[in-house]
Amino acid sequence: IAHENGFKQIAYVFMPDHVHLIVRGLNETSDLRVLAHRAKQRTGFDYKREHGKRLWQPSFYDHVLRADEEEASIIRYMALNPVAAGMVKDPADYPYWGTSDWTREEVLEDLRAHPGDVWTPPPGYMEASTEGIGGQDEGQD
């Protein structure tokens with residue numbers, strides 16, 4: 001879905017109640033709102049049909065990487081998310097994360113080499129982005 005919408009998927013972690021993604025726009029027309037809408041619509045419709053309930057909230061949280069934020073530090077944060085949630089003791093034990101540029105072992109080696117260098121979400125990180133979505137149901141009905 002990312003590439004179809006002008007993005008490269010850099011990293012992901014699927015959690016039981018949310019997903020973290022790093023995507024990079026490939027051109028000037030890349031639109032994160034469109035990508036989020038289409039991804040949620042495609043996955044949400046099938047999920048609701050099979051399970052009888054919604055998969056996604058109407059909005060999404062986004063954060064544009066700043067020049068001083070190291071991508072590797074954010075990938076470490078994402079890989080450690082299941083550990084922080086108490087789901088596993090070691091990120092190697094959680095199967096639902098990965099990157100397009102690094103192998104899982106390379107990420108784990110990087111975590112061992114930089115244990116204290118993990119991105120910290122900025123204030124307001126969890127404020128929903130609804131611009132362009134308007135609380136729509138994302139096509140899950």
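The values are calculated or read from the model by the stated rules, or taken from the named source; none is laboratory data. Keep in mind it's a predicted model, so treat the numbers as computed, not measured. Cβ coordinates were reconstructed from backbone atoms using ideal geometry, including for glycine residues, and neighbour counts include every protein chain displayed. Accessible surface areas use protein heavy atoms only, side chains included; no ligands, DNA or RNA. Shrake-Rupley method; radii C 1.70, N 1.55, O 1.52, S 1.80 Å.
For region 28-76, how many residues are in a helix (DSSP H, G or I), within 23 Å of P16 (Cβ to Cβ) and touching a strand residue (DSSP E or B) at 6+ places or on another chain (Cβ under 8 Å)?
Pass one, region 28-76, residues in a helix (DSSP H, G or I): 32-51, 71-76.
Filter again for within 23 Å of P16 (Cβ to Cβ), leaving 35-51, 74-76.
Narrowing the set further to residues that are touching a strand residue (DSSP E or B) at 6+ places or on another chain (Cβ under 8 Å) leaves 35-36, 40, 74-75.
The qualifying residues number 5.
Which ones in region 65-83 are open to solvent by 90 Å² or more (accessible area, probe 1.4 Å) and of a type outside the set (D, E)?
Step one: list which residues in region 65-83 are open to solvent by 90 Å² or more (accessible area, probe 1.4 Å), which gives 66-68, 70.
Answer for region 65-83, where residues must be open to solvent by 90 Å² or more (accessible area, probe 1.4 Å) and of a type outside the set (D, E): R66, A67.
Residues that are among the β-branched types (V, I, T) and in a loop (DSSP other than H, G, I, E, B): does region 84-92 have at least one? Walk me through how you get there before you give the answer.
First, the residues of region 84-92 that are among the β-branched types (V, I, T): 88.
Subset that is in a loop (DSSP other than H, G, I, E, B): 88.
Yes - at least one qualifying residue is present in region 84-92.
Please find, within region 1-21, the residue that is surrounded by the most Cβ atoms within 10 Å (Cβ to Cβ) out of those that are at pLDDT 90 or above and in contact with a Ser or Thr (Cβ under 9 Å, 6 or more places away or on another chain).
Step by step, filter region 1-21, then rank; the result is A11.
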